[in-house]
Every structure is written in structure tokens, then in C-alpha cells.
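The values are calculated or read from the model by the stated rules, or taken from the named source; none is laboratory data. What you see is a predicted model, and the numbers here were worked out from it, not measured in a lab. Neighbour counts run over all protein chains shown; Cβ positions are idealised from the backbone, glycine included.
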Amino acid sequence: MIFIDTSAFFAILDSADAHHARAARFWRQCVSEGTPLMTSNYVLLESAALLQHRSGMLPLSALRDGVLPLVKTIFVSEDEHEKAMSALLLAARRKLSLVDCSSFEIMRRHHIQHVFAFDAHFAEQGFLCVPKKS
């Protein structure tokens, strides 16, 4: 199982992103190998807002129609939300987000070690970011 972060969704769908080629290659590999993929509703909300703002409606449509049918979406529970908010406030770091902290909670609950992400916060939390830098 691999958890997908906003940074990966954006890199897959925006050809101008610095990680696009690597992300698209890894995405195709995951799909062709049938790798189980998961994300959260918070990540989807953040991804939709980012894609719409930076890239427009076509990439947002591609997310909904071409990417999300292949990804299981977990909804953040009230308990996970509270734990994530507490972790965020305890960390007191402006660049760490509630979405990231909720992702950490979900990954821990589901015993997921690998994350498709280009966000260093996941590695700081002990998760294994894929794809590896080449």
C-alpha cells in the first residue's frame, strides 16, 4: 500500500512541475503493477484547490476522472482530525500543514510506510518517500 500526497498528485498532473517526469513514470508503474494506492479526503481537497488555482480546470478534471478511480480514499475521522490538530499546534511550524499531520495519522493507523510524495515532512516523520531520487 502506498499513500499519495498532494505533492504527488500535482506532479502527476502538471507537466510544468519539477517532479512531473519522475512522478508520471512512477504513477504508470504503480498502475501497471496494480499497486494498492490510498489517499485521504483532506489530501483531495488540498489537491483540488491547488490544481484549480495553479493549473486550471482540465487537470482537476483529469484528477477526478483519470486518477482517483484508481485510488482508495479514506475519510479523516474526528479523532484523527483532533490528533492532527494537536500535532500541528505542538510542532508550531508554519510550513507543516494540518493536511500533512492528518496524513501521518492515517498512515500510522493503516500501518502504511510508503508515501508517494515530494514533501520532506513525510521523511522527517519516518515514512519512506517514493519514488526514490535517481
- Message: Any residue in the range 14-34 that is in contact (Cβ under 8 Å) with a residue 60 or more places away in the chain and more than 21 Å from residue 51 (Cα to Cα) sitting within a Cβ distance under 8 Å of a residue that is surrounded by 11 or more Cβ atoms within 10 Å (Cβ to Cβ) and hydrophobic (A, V, I, L, M, F, W, C)? List the pairs, counting only those 6 or more apart or interchain.
- Response: 30/2; 30/37; 30/116
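Here's the yes/no breakdown for (1) among the hydrophobic types (A, V, I, L, M, F, W, C); (2) under 11 Å from the mean Cα position of the chain (by Cα); (3) loosely packed, with under 12 Cβ neighbours inside 10 Å:
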{"residue": "10", "(1), (2), (3)": "yes, yes, no"}
{"residue": "38", "(1), (2), (3)": "yes, yes, no"}
{"residue": "49", "(1), (2), (3)": "yes, no, no"}
{"residue": "57", "(1), (2), (3)": "yes, no, yes"}
- Message: Give all pairs with beta carbons closer than 7 Å in which a residue from the range 70-97 that is of a type outside the set (S, T, N, Q) meets a residue that is part of a loop (DSSP other than H, G, I, E, B); count only pairs at least 6 apart in sequence or on separate chains.
- Response: 88/96
- Message: Checking residue 117 against (1) among the small types (Gly, Ala, Ser); (2) more than 23 Å from residue 131 (Cα to Cα); (3) in contact with a Cys (Cβ under 8 Å, 6 or more places away or on another chain): exactly one of these is not met. Which one?
- Response: (2)
- Inside the range 1-107, counting only helices (runs of 4 or more DSSP H) that do not spill past its ends, which hold 3 or more residues that are of a type in the set (Gly, Ala, Ser)? 6-13, 20-33, 41-54, 78-91
- Could you list, in sequence order, all residues of the range 53-76 that are among the polar types (S, T, N, Q) and at pLDDT below 95? 55
- Task: Could you grab me the full set of residues in the range 109-134 that are part of a helix (DSSP H, G or I) and either farther than 15 Å from residue 2 by Cβ or in contact with a helix residue (DSSP H, G or I) (Cβ under 6 Å, 6 or more places away or on another chain) (or both)?
- Result: 109, 120, 121, 124
